[in-house]
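K.L.:
Got a structure for you, questions after.
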Amino acid sequence: MKTKASSSIATSLIIRARTAGRPARQNRYVMKARAEQRVLDFDGQARERLVLWIRHRMEEYGISIEDLAAALLAEASIPKYRDAYGNEWDGQGERPDWIKRAINAGQDIEHFRC
């Protein structure tokens, strides 16, 4: 994660490289880089506030990081599609052969949704 100081240094280096030998009043890169930096600073502050808010809610409800990780893993392992033979697919990645064959045979994919 970038810190505010490192992103400001990077921005100033970019500005200097792009504006070398040009008058500042004519340079659109300076204004654009400064506007981008303001957006990044705001987003970083908003993110930090959001993370702090989430941590407080987790403490309030007694949710640990391990509980959260377990819930995410359990949700990820739930199949979205299943056929009568027990084949399952979570909807991620390339479609498996069994579902490709069914679709090519004219079957609607929603028929297999769990």
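The values are calculated or read from the model by the stated rules, or taken from the named source; none is laboratory data. Worth saying up front: this structure is predicted, and the values here are computed from it rather than measured. Every residue, glycine among them, receives a Cβ derived from its backbone with ideal geometry; neighbour counts consider all protein chains shown.
K.L.:
Report, ordered by the first and then the second residue, all pairs with beta carbons closer than 8 Å, sequence separation of six or more or different chains, a first member in region 86-114 that is closer than 17 Å to A76 by Cβ and among the small types (G, A, S), and a second member that is surrounded by 13 or more Cβ atoms within 10 Å (Cβ to Cβ) and at pLDDT 90 or above.
P.N.:
Close Cβ pairs satisfying both conditions: G91/Y81.
K.L.:
Return only the number of the condition from (1) surrounded by 13 or more Cβ atoms within 10 Å (Cβ to Cβ); (2) in contact with a strand residue (DSSP E or B) (Cβ under 7 Å, 6 or more places away or on another chain) that C114 does not satisfy.
P.N.:
Against the list (1) surrounded by 13 or more Cβ atoms within 10 Å (Cβ to Cβ); (2) in contact with a strand residue (DSSP E or B) (Cβ under 7 Å, 6 or more places away or on another chain), C114 comes up short only on (1).
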